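The values are calculated or read from the model by the stated rules, or taken from the named source; none is laboratory data. The structure displayed is predicted, hence computed values, not measured ones. Because the Cβ atoms are built from the backbone with ideal geometry, glycine has one as well, and the counts that use them run over all protein chains shown.
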């Protein structure tokens, strides 16, 4: 029997649906302390005073950890990609979003842990917040991040991601019509059934065993090792079976702090976020602001696209620069547009940091540009299937950054739904293929952008 | 007051693997004395089914039944590096790592079988757990017998390692975005037609059917990839018409902190789902597979927005398309306020939402279209 292509049952499917799969929350390490966090109630404030000594002295409290206890408090999770760090594990001098952790407590039970959080003395110096990415660039906008209101560390000191291709001005000059629109998909929750959770056991041999719901065991282990400034063999991550992630469990939300509390108290720790924390304190999908202007001909060719993107990163960068770069690489979608002018900014606001979610960077641009395609079809009075098929990328076409498409399937996927819906198309559209452009499908404006698939 | 029907389409593409690559996955495999196969990989299964998919790839590559394979991704002591389960990389990138490890194991089995059968390993094949001589299928030895011979006779461990890494594609021209290498492992494609019913009295948008076509390269497990597509469709429906973390965005007031105040799709929101798979194999993925896990929730929101326009003639470009937004748009349309601005050959929609309308005139960022 062939294994590949077979509809074999899910490896752990029966265990999942009969409730026998053991997720991190489903067991308690003996003697594990409850963990609770002191979180900022303000979107933007200075920390004028922080004193945890009363909480530390409480009966039943095993340890309190603040920024002062973290060997490396600020660590850039994507420093390998040249993205430096900005986010402290625990807030030090200021808080930049509601729910930002400032201190964590390990205690014998949940009530004591909550009481200890209340016993931490803290005073804030409340500052003006910024929420609207469109106002972040105003000269009088509140300055909310040490780097300014937008991320300044793209290659060669660029403060935004930029794509340039072809001759954009000529495309807009030649256009019969220029269609401009604004697109704003919302922040949403990853919404896993399993909230952020971990348990940490300080072992007799000096190692830490970390029961984790991470989507990325080695990535998270690297994050913990960097914050603690320890080699990887100090840690054993146990996991690999996750109760839903959708991108939100790449953030390594609980593991490092539970390790620090376990080390300080020499006892196991367990931290399961409440559903309310999962909603309000874990990262969301980013809200995006995108403006698209397309230069089109009256017979439906897209000659050029100008686009500007403001990515609402929330309070810290996390993976946002990666997301905007990916977004820029895909801002022509499934089509070939030879003249491009794209600028994308990672903008900071005083909301919960946004992070990866299914489709990271591209879900947004698919919404913007595909809705825009429908608008163009409407403006031109062209069938939306035909507009898309005509501009669909084909073998030999090039991407926004010049990479040759070797096996694009835009044409067959569009034809498949047209066929399924019984949508009638003219013969020259019905018989289109992915083969390299020629004849009517290779107008003058596309000749210069073709590449050789053999080179890739 | 009436229910209006509409249909809209979208076509999308999405990269497999981390953007710009540079994201390794590794695996190792050992064979027990009875021929059963143990796979160790660090790929978290987040519900995407990667344990199943990678086990299928290993079984196919070695040539043994799927049931002979156990898969252990439980910890970092026994499993090697996997960058993680994200970026639609678990089937393609991590799948290639286990495939390469399985190829080594297959070679080792053939070597030892060759000694047992006194036949050159290149003249042997593995079919359904048996090593058979090509062209002489009666000459054979079972994989369990090979594993036993390795263990008790030859004093050897049958094992194999594999690693997949596409080198990091650097942006060599930050002014144009040019890269020095292809920045993805493969690209997948999909299309979607959304059919909606819009109630012009309540403003409610009901998605009644989603017709979708995905190019999956090759379906390693059709049931699981269909599950990814169905699940993604519902997540995309949520993004399109239901969900928001900030109901009054950009304000942070009134965030929903519980299921009761956050509208996620539930069974009553389920449309009819018609899915068509096509298989245009990737050049270098495992058995031609591509990753489609993430893109599964990308085509629905624009298809739905276009369908709403088809139904009631308004473009709603802020998500989600809530009843309030539909009613406001219908009211604006009735009073003639929703028409785009037309100047020469330039048509400007959504002017009130734009940066130009909200930012100060002296802010350094604006979208300039020379009319």
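Residue by residue, here is whether (1) under 18 Å from the mean Cα position of the chain (by Cα); (2) at the interface with chain B (Cβ under 9 Å from one of its Cβ atoms); (3) part of a loop (DSSP other than H, G, I, E, B) holds:
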| position | (1), (2), (3) |
| --- | --- |
| A:230 | no, no, yes |
| A:236 | no, yes, no |
| A:246 | yes, yes, yes |
| A:252 | yes, no, yes |
| A:256 | no, no, no |
| A:263 | no, no, no |
| A:270 | no, no, no |
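Please work out which one of (1) over 24 Å from the mean Cα position of the chain (by Cα); (2) more than 9 Å from every other protein chain (Cβ to nearest Cβ); (3) at pLDDT below 95 is the condition residue B:255 fails and give its number. For residue B:255, the failing item is (2).
Listed by first and then second residue, the pairs with beta-carbon distance under 7 Å, at least 6 apart or on different chains, first residue in region B:92-111 and assigned by TED's automatic domain parsing to the domain that holds residue B:40, second part of a helix (DSSP H, G or I) and surrounded by fewer than 24 Cβ atoms within 10 Å (Cβ to Cβ), are B:110/B:121; B:111/B:121. Can you confirm whether residue B:281 is in the same structural domain as residue B:241 (by TED's automatic domain parsing) and within 29 Å of residue A:408 (Cα to Cα)? Spelling it out, residue B:281 is indeed in the same structural domain as residue B:241 (by TED's automatic domain parsing) and within 29 Å of residue A:408 (Cα to Cα). Comparison of A:370, A:378, A:386 shows that the only residue that is more than 26 Å from residue B:178 (Cα to Cα) and within 10 Å of another protein chain (Cβ to nearest Cβ) is A:378.
For region A:121-158, enumerate the residues that are within 12 Å of another protein chain (Cβ to nearest Cβ), surrounded by fewer than 16 Cβ atoms within 10 Å (Cβ to Cβ) and in a loop (DSSP other than H, G, I, E, B).
A:139, A:140, A:148, A:158
When the helices (runs of 4 or more DSSP H) confined to region A:383-431 are screened for residues that are touching a strand residue (DSSP E or B) at 6+ places or on another chain (Cβ under 6 Å), those reaching at least 2 such residues are found at A:384-391, A:410-421.
From the list A:37, A:68, A:48, A:33, the one residue that fits, being free of Cβ contacts under 8 Å to residues at least 24 places away in the same chain and either within 14 Å of chain B (Cβ to nearest Cβ) or farther than 30 Å from residue B:225 by Cα (or both), is A:68.
Beta carbons closer than 8 Å, at least 6 apart along the sequence or on distinct chains, pair a first residue in region A:249-271 that is at positive phi with a second that is modelled with pLDDT of 95 or more for A:252/A:214; A:252/A:219; A:252/A:220; A:252/A:223; A:252/A:224; A:266/A:202.
Of the candidates B:231, B:160, the single residue that is touching a residue at least 40 places away in the same chain (Cβ under 8 Å) and crowded, with 20+ Cβ neighbours inside 10 Å is B:160. Within region B:314-371, the residues that satisfy the criterion of being under 30 Å from residue A:140 (Cβ atoms) and part of a strand (DSSP E or B) are B:318, B:341, B:348.
Restricting the search to strands (runs of 3 or more DSSP E) fully inside region B:141-216 and requiring at least 1 residues that are facing chain A (nearest Cβ under 8 Å) gives B:171-173, B:186-199, B:205-215.
Scanning region B:244-254 for residues that are out of contact with any strand residue (DSSP E or B) (no Cβ under 9 Å at 6 or more places or on another chain) and surrounded by fewer than 24 Cβ atoms within 10 Å (Cβ to Cβ) yields a count of 6.
The set of residues from region B:1-35 being surrounded by fewer than 24 Cβ atoms within 10 Å (Cβ to Cβ), more than 14 Å from chain A (Cβ to nearest Cβ) and part of a strand (DSSP E or B) comprises B:3, B:4, B:28, B:30. Selection of region A:213-228 for residues being buried (at least 24 other Cβ atoms within 10 Å of the Cβ) and more than 9 Å from chain B (Cβ to nearest Cβ) yields only A:224. Residue count for region A:378-424 satisfying the condition of being without any contact (Cβ under 8 Å) to a residue 24 or more places away in the chain, surrounded by 17 or more Cβ atoms within 10 Å (Cβ to Cβ) and under 15 Å from residue A:301 (Cα atoms): 2.
All told, residue A:118 meets the bar of being exposed (fewer than 15 other Cβ atoms within 10 Å of the Cβ) and over 30 Å from residue A:320 (Cα atoms).
The sole residue among B:324, B:318, B:339, B:294 that is at pLDDT below 95 and either out of contact with any helix residue (DSSP H, G or I) (no Cβ under 6 Å at 6 or more places or on another chain) or more than 10 Å from every other protein chain (Cβ to nearest Cβ) (or both) is B:339. Checked against (1) within 22 Å of residue B:296 (Cα to Cα); (2) facing chain B (nearest Cβ under 7 Å); (3) touching a strand residue (DSSP E or B) at 6+ places or on another chain (Cβ under 7 Å); (4) crowded, with 24+ Cβ neighbours inside 10 Å, residue A:356 meets all criteria but (3). The set of residues in region A:196-212 being facing chain B (nearest Cβ under 10 Å) and farther than 17 Å from residue A:356 by Cβ consists of A:207, A:209, A:210, A:211.
Among residues of region B:41-50 being part of a loop (DSSP other than H, G, I, E, B), touching a residue at least 12 places away in the same chain (Cβ under 8 Å) and facing chain A (nearest Cβ under 7 Å), the one that is farthest from residue A:220 (Cα to Cα) is B:49.
Mind listing whichever residues of region B:264-278 are touching a helix residue (DSSP H, G or I) at 6+ places or on another chain (Cβ under 7 Å) and either free of Cβ contacts under 8 Å to residues at least 24 places away in the same chain or not assigned by TED's automatic domain parsing to the domain that holds residue B:248 (or both)? Across region B:264-278, there are no qualifying residues. For region B:51-97, the set of residues classified as more than 8 Å from chain A (Cβ to nearest Cβ), assigned to a loop (DSSP other than H, G, I, E, B) and at negative phi consists of B:64, B:78, B:80, B:89, listed by residue number.
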